[in-house]
Amino acid sequence: MPPATSCRHPLLRRLFRCTAALLLAAGLTACSSSSKYYDPAKSNRTETGFRNNYPQPERASVLKWQWERLTQGLPKPPSNDYRFPVLKPDLAWIKANHDMPSVTWIGHATALLQLGGKNVLTDPMFSERASPFTFIGPRRKVPLPVQIAELPHIDLVVISHNHYDHLDRASVEQLNRQAGGPPLFLVPLGLRDWFMALGIDNVREMDWWDKTSLDKLDITFVPATHWSARSLFDRSETLWGGWVLQAAPAQNDRGAPFTVYFAGDTGYSKDFQDIGARFPHVDLALIPIGAYAPRWFMQGQHVDPEQAVQIHRDVHATRSIGIHWGTFELADEPLDEPPQALAKAMQQANLPPEQFVTLKHGETLKLER
């Protein structure tokens, strides 16, 4: 949809978009004045909202960042001119699969996990824009490899936090209406009311280190270093984090449960060493590698590929997949840069490149242990 303006000049259209983005970003710096989840016994619950476990650099100026983007023409287009390879998933195999762990990267932070006989979606985002508006905000640069209606029945949805590129209203409403009944939605503390207001009641909200189960699948909500907001005045009123999913081994298998870690969206902190200490065996980690530039602004909320490799090491992952790149332009690096930077970071860390890879949009990885 074109911008809601009669101006047809490209520069003025860009100025219109950036002005609206500046106003939205300025609003998102506002803090709430009180929190119904305040608990002095919980370190992450303050009187003004939730906070990270470990201190981060002081919040940089979002207005300065947006002005730099406008005046410097950032981000630059990727070298492939946005022609990323997109694969159509083997839906017949996926729908017939009930035993082999697998992951299909749909795009950004959205992945279809098959684990413990369940179909799990992470941060489902199937809309055209990651925005509260239809005329402005980050627009999908790569077409969806699959639509929600084509997927197998989704048993579980895990949400990392409430930013628009991770919590999409249209997507969760469609999933709630899926044939065969709604999935179970697991959400951070504070988000249940938002789902209930949409008529979605099959939802459980969780605090950091809370654990729940769905048949033979155990799910734990774990910390991340980030923030939340969906409007001008609700910063940090709901929690953020990642998820650890563990599938119980088969009766004839005495090994450890198959464990998947979904990091969500995060800056770097000691949280990942804490997660690695509690879950010493991670078979697969889904770790963000994009939206990291400029570092002076993004360092407190988004890891860069080098830090993503450190997370891979902190959680002792056997294998990791890079997510949160190649779909929406959320920061200043070219959209195709993160995989290149990841390969370089792996080489510098003296790690085999196959330990931490990226997938094509729609690509499935079968996870035989």
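The values are calculated or read from the model by the stated rules, or taken from the named source; none is laboratory data. Note that this is a predicted model, so its numbers are computed, not measured. Glycine also receives a Cβ, built like all others from the backbone with ideal geometry; neighbour counts cover every protein chain displayed. Note: accessible area is taken over every heavy atom of the protein model, side chains too, but ligands, DNA and RNA are not part of it. Shrake-Rupley method; radii C 1.70, N 1.55, O 1.52, S 1.80 Å.
HIS281 passes all but one of (1) under 28 Å from TYR82 (Cα atoms); (2) of a type outside the set (A, V, I, L, M); (3) surrounded by fewer than 17 Cβ atoms within 10 Å (Cβ to Cβ); which number fails?
All conditions are met except number (1).
Name, by its number, the condition in (1) crowded, with 18+ Cβ neighbours inside 10 Å; (2) touching a helix residue (DSSP H, G or I) at 6+ places or on another chain (Cβ under 6 Å) that does not hold for ILE323.
Among (1) crowded, with 18+ Cβ neighbours inside 10 Å; (2) touching a helix residue (DSSP H, G or I) at 6+ places or on another chain (Cβ under 6 Å), ILE323 violates only (2).
Output the qualifying pairs, or none if there are none: Cβ atoms under 9 angstrom, residues six or more apart or on different chains, first residue in region 328-344 and more than 18 Å from ALA130 (Cβ to Cβ) and basic (Lys, Arg), second residue assigned to a helix (DSSP H, G or I) and open to solvent by less than 20 Å² (accessible area, probe 1.4 Å).
Within 9 Å, the pairs are LYS344/PRO305.
Do the conditions hold for LEU239, that is, is it in a strand (DSSP E or B) and crowded, with 20+ Cβ neighbours inside 10 Å?
No, not satisfied.
What number of residues in region 94-131 are more than 25 Å from LEU191 (Cα to Cα), open to solvent by 10 Å² or more (accessible area, probe 1.4 Å) and touching a residue at least 40 places away in the same chain (Cβ under 8 Å)?
5
Could you give me the residue pairs with C-beta distances under 9 Å whose first residue belongs to region 153-176 and is touching a residue at least 40 places away in the same chain (Cβ under 8 Å) and more than 24 Å from ASP215 (Cα to Cα), whose second residue is part of a loop (DSSP other than H, G, I, E, B) and of a type in the set (Lys, Arg) wherever it lies, and which are 6+ apart or on separate chains?
From region 153-176, the pairs are ASN162/ARG230; HIS163/ARG230; TYR164/ARG230; LEU167/ARG230.
Answer yes or no: is there a residue in region 326-347 that is open to solvent by 30 Å² or more (accessible area, probe 1.4 Å), under 17 Å from GLU68 (Cβ atoms) and in a helix (DSSP H, G or I).
no
In region 327-369, how many residues are in contact with a Pro (Cβ under 7 Å, 6 or more places away or on another chain) and on the phi > 0 side of the Ramachandran plot?
So the answer is 1.
Conditions (1) modelled with pLDDT of 85 or more; (2) more than 17 Å from ARG235 (Cα to Cα); (3) of a type in the set (Val, Ile, Thr), marked per residue:
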residue	(1), (2), (3)
ALA20	no, yes, no
CYS31	no, no, no
SER34	no, no, no
TYR37	yes, no, no
PRO40	no, yes, no
GLN56	yes, no, no
TRP67	yes, yes, no
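Starting from region 132-144, keep only residues that are within 18 Å of LEU167 (Cβ to Cβ), then list their pairs with residues that are aromatic (Phe, Trp, Tyr) and crowded, with 17+ Cβ neighbours inside 10 Å whose Cβ atoms are within a distance under 8 Å, requiring at least 6 positions of separation or different chains.
Close Cβ pairs satisfying both conditions: PRO132/TYR164; GLY137/TYR164; PRO138/PHE328; ARG139/PHE328; ARG140/PHE328; LEU144/PHE126.
Here is a list of conditions, (1) open to solvent by 30 Å² or more (accessible area, probe 1.4 Å); (2) in contact with a strand residue (DSSP E or B) (Cβ under 6 Å, 6 or more places away or on another chain), and SER231 meets all of them except one; can you say which number that is?
Tallying (1) open to solvent by 30 Å² or more (accessible area, probe 1.4 Å); (2) in contact with a strand residue (DSSP E or B) (Cβ under 6 Å, 6 or more places away or on another chain), SER231 fails exactly one: (2).
Residue check, ILE136 against (1) of a type outside the set (Phe, Trp, Tyr); (2) open to solvent by 10 Å² or more (accessible area, probe 1.4 Å); (3) at pLDDT 95 or above; (4) over 13 Å from THR327 (Cα atoms), all met but one. Which one?
(3)
Cβ-Cβ under 8 Å, sequence separation 6+ or interchain: first residue in region 355-369 and more than 15 Å from ALA247 (Cβ to Cβ), partner assigned to a strand (DSSP E or B) and open to solvent by 50 Å² or more (accessible area, probe 1.4 Å). Which pairs?
As it stands, the answer is GLN355/THR318; GLN355/ARG319; PHE356/ARG319; VAL357/ARG319; LYS360/VAL86; HIS361/VAL86; GLY362/VAL86, since those pairs meet every condition given.
Taking region 304-315 only, how many residues are touching a strand residue (DSSP E or B) at 6+ places or on another chain (Cβ under 6 Å) and assigned to a loop (DSSP other than H, G, I, E, B)?
So the answer is 1.
Answer yes if at least one residue in region 257-265 is over 27 Å from PHE50 (Cβ atoms) and not in a loop (DSSP other than H, G, I, E, B), and no otherwise.
Yes; the residues of region 257-265 include at least one that is over 27 Å from PHE50 (Cβ atoms) and not in a loop (DSSP other than H, G, I, E, B).
Please go through region 267-277 and give me each residue that is in contact (Cβ under 8 Å) with a residue 12 or more places away in the chain and either surrounded by fewer than 19 Cβ atoms within 10 Å (Cβ to Cβ) or more than 19 Å from the chain's Cα centre (by Cα) (or both), ordered by number.
Those that are in contact (Cβ under 8 Å) with a residue 12 or more places away in the chain and either surrounded by fewer than 19 Cβ atoms within 10 Å (Cβ to Cβ) or more than 19 Å from the chain's Cα centre (by Cα) (or both): LYS270, GLN273, ASP274, GLY276.
Within region 292-320, restricting attention to residues that are within 16 Å of GLY242 (Cβ to Cβ) and within 14 Å of the chain's Cα centre (by Cα), which residue is surrounded by the fewest Cβ atoms within 10 Å (Cβ to Cβ)?
GLN301
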